[in-house]
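Student: Sending over a structure as structure tokens; questions will come in a sec.
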Amino acid sequence: MLRISAVLAMWLFSGAVAALTLPPQLQISAHLSQASVPACPKETASKLALTFNNNQLTGHLAQLSLDLTCSNRRSASSQQASASNSDALSLLFTLPDIDFQVDELTLHLPSGSVSGPAVLRHHQQGVTVQWQTDAGDTQLDIIPEKQGWRWQGKLPGQLLTPYLTQPLQVSGGWQPRQPLTLKVAGTLPTPLQGKWQLALNAKQTAQGWQLQPSSQLRVPQLTWQELTLSQLRFAPLTAVSLGQAWQGELSWQQGRWQQQTIPAASLQLQAKDLIANQGQMSLKLAPKVRLNGAWHYDQGLALTVPKQSLSAADVWSWLDEWLLLPVVMDMPAGQWQVALNAANVLDSKQPINIEAALSKGQLSYSDLLAEDLAAKFKLSWSEQGLRSVGPQGLSVAQLNVGIPITNIQGALRLQADGLWLSGLTAQVFDGYLALSPMALNATPQGEAHFSDISLEPLLNYASVDGLTGQGRLKGRLPFSFDQGLSVTKGRAESEQGWITYQASEQLQASGDANISLGLTLGLLSDLRYDRLGADISMARNGEAIINSHLYGQAPINGKLHPVNLNYHHQENLLQLLASLRFAQDLSEQLPAKLQRENNQ
């Protein structure tokens with residue numbers, strides 16, 4: 001094997017030939033079978049040829065291997081190279097200062113190597129490498145600096161990953177006993193949108209190369225479909241050796257999904273070494289809200305979050321920090337089961353599948369309470385946006401609004417225009433309540449239909465002494481919610497029932513003195529109606545107006561006489577319901593409180 005001294009001899013030969021004035025028809029060639037650098041064992045050259053033809057000196061190499069992490073003791077201005085084998089000399093700058101065609105140029109990196117045909121062009125500052133790789137053409141300026149290197153140029157993005165289709169700007173340098181630096185900038189791969197900057201610092205230690213914690217990947221703004229994240233940063237948590245386990249953290253400061261703000265969060269990743277294409281991950285949304293799973297990179301980035309439990313109270317506390325809701329609600333109890341699966345998050349045509357189930361939940365608004373809440377969600381997030389898949393069941397055992405509403409069943413649907421509630425039914429006063437499909441936005445509106453409502457328990461809840469009745473009600477209540485619940489043009493109807501009102505002694509005495517009042521009280525003592533109708537409206541503050549119309553018969557002096565009765569009633573229904581809830585809570589809690597005090 002010929003050592004570097006042979007290369008130096010050819011270098012002197014090339015200088016001598018270039019300095020002479022020779023006949024144009026003269027042809028001179030020199031050959032060297034192999035050369036190497038003792039201090040840099042990865043640097044080799046084979047089948048080197050120098051040719052002088054037509055007063056031009058050219059070079060050719062069958063193979064050239066370079067190690068950019070090996071030191072160089074030749075400055076950019078020096079024209080002489082040291083021949084001492086104790087110094088590490090780069091073979092690149094020992095070659096004669098002429099252009100070379102290289103059949104195969106191999107560049108050794110801290111991890112792996114890249115090969116391909118190339119052209120070496122010498123200039124005053126250093127060498128420009130024009131390199132053809134499978135990923136595309138590369139141009140890299142390599143400049144000796146002190147005892148190391150400085151480089152800059154352009155690389156094809158697919159040299160790093162097939163998803164990077166745009167060229168990359170690259171720069172960096174290395175000095176002995178100093179970290180190797182590499183800066184790369186480019187455009188995020190489709191379907192992601194945004195720019196990224198990578199800054200790597202690697203240090204050579206007794207255990208090999210280590211990636212330093214100061215290394216980081218930054219993305220000022222990332223956009224994917226309807227999601228935008230700002231100030232993303234990924235960095236190793238500790239120094240990382242090439243063959244050892246590593247941990248890194250991806251964080252963002254803020255974000256937005258559609259018109260909704262998303263809070264800061266972080267994602268921790270780990271793997272057994274830097275070469276491994278799979279490992280574990282942990283998404284930290286809040287101090288008590290964390291999702292654990294696995295990632296796998298193989299021609300795409302796959303994510304898996306197996307089913308796991310989360311406290312509904314903790315999840316709601318996190319949602320309440322950023323989610324825009326039309327009213328202030330709370331979820332004090334319940335348990336979520338959550339799972340996620342994505343075959344390739346970098347491919348917008350492949351969905352991210354999300355499953356979630358809520359059990360034994362409670363949802364409160366003011367002093368309203370929904371108990372034993374259960375729900376199931378199956379969502380798909382792809383290039384069409386976030387959509388629900390199949391039925392999304394929802395059930396509530398009981399809703400306490402002052403009157404008993406039980407066995408609530410419904411379905412949620414997430415589509416392009418937002419979240420919709422459909423098919424909701426419930427039982428109230430031995431009858432049924434159903435809501436028309438409605439969008440759950442900042443100002444929801446819809447229509448409640450009721451049927452077969454028993455008049456007797458309804459009148460009992462009205463808490464009017466002496467008032468009873470029987471019959472079945474049906475109707476509709478168009479409603480909207482905008483800074484308060486309102487009802488417009490509501491209607492209730494009933495056929496074939498009766499109403500009786502037994503007046504108090506004081507009111508009966510007044511009726512005896514007032515013929516009109518006495519007649520009315522007499523009619524209401526046993527009023528059998530054929531048709532009952534009521535027009536209902538309520539303002540946002542709860543003030544309700546009910547205009548009732550009753551047609552039927554009533555006994556007078558032992559005979560039935562036709563009755564046409566109109567009744568106007570005005571009351572704050574929200575306050576009435578609140579008082580009913582208070583009375584119910586008091587009746588439930590007071591005996592228990594008295595029992596506890598009696599036992600003390």
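The values are calculated or read from the model by the stated rules, or taken from the named source; none is laboratory data. Since the structure is predicted, the reported quantities are computational estimates derived from the model, not experimental observations. Positions of Cβ are generated from backbone atoms using ideal geometry, with glycine treated the same way; all protein chains shown enter the neighbour counts. For accessibility, only protein heavy atoms count, side chains too; no ligands or nucleic acids. Shrake-Rupley method; radii C 1.70, N 1.55, O 1.52, S 1.80 Å.
Student: Give the distance, in whole Å, between the Cα centre of the stretch 30-62 and the Cα centre of the stretch 471-546.
Tutor: 107
Student: Report, ordered by chain and residue number, the lysines lying within cross-link reach of Lys288, taken as a straight Cα distance under 29 Å and ignoring same-chain residues fewer than 8 apart.
Tutor: Of all the lysines, those that pass the test against Lys288 - Cα under 29 Å, at least 8 places apart if same chain - are Lys272, Lys307, Lys360, Lys376, Lys378.
Student: Sorting check: for 151-157, 389-395, which peptide has the highest mean count of neighbouring beta carbons within 10 Å, and how do the rest follow?
Tutor: Ranked from most to least packed, the peptides come out as 151-157, 389-395.
Student: Give the total of Lys-Lys pairs in the stretch 97-238 with Cα-Cα distances below 21 Å; include a pair only if its members are 8 or more places apart or on different chains.
Tutor: Lysine pairs satisfying the spacing and distance rule in the stretch 97-238 number 6.
Student: If we count every other residue with Cβ under 11 angstrom of Arg121's Cβ, Lys/Arg +1 and Asp/Glu -1, where does the sum land?
Tutor: Net charge around Arg121: -3.
Student: Give the lysines reachable from Lys489 as a straight Cα distance under 27 Å; neighbours fewer than 8 places away on the same chain don't count.
Tutor: By straight Cα distance, Lys489 reaches Lys474.
Student: Still on this model: Considering only protein heavy atoms and a probe of 1.4 Å, how much of the accessible area of the stretch 374-470 is carbon and sulfur, as a whole percent?
Tutor: Ligands and nucleic acids excluded, carbon and sulfur give 58 percent.
Student: With the other protein chains left in place, how much accessible area per residue, in square angstrom, belongs to the stretch 351-482 at a 1.4 angstrom probe? Spell out each step's value before the answer.
Tutor: On the way: 6600 Å² over 132 residues.
The answer is 50 Å² per residue.
Student: Keeping all protein chains in position, work out how much accessible area Arg256 exposes to a 1.4 Å probe, and write it in Å² to the nearest 10.
Tutor: For Arg256, the solvent-accessible surface is approximately 100 Å².
Student: With all protein chains present, calculate the accessible area of Asp430 using a 1.4 Å probe and round the result to the nearest 10 Å².
Tutor: 110
Student: Then there is this: How large is the charge dipole for the stretch 173-307, taken about the Cα centre, if only the Cβ atoms of Lys, Arg (+1) and Asp, Glu (-1) carry charge, to the nearest 20 debye?
Tutor: 300
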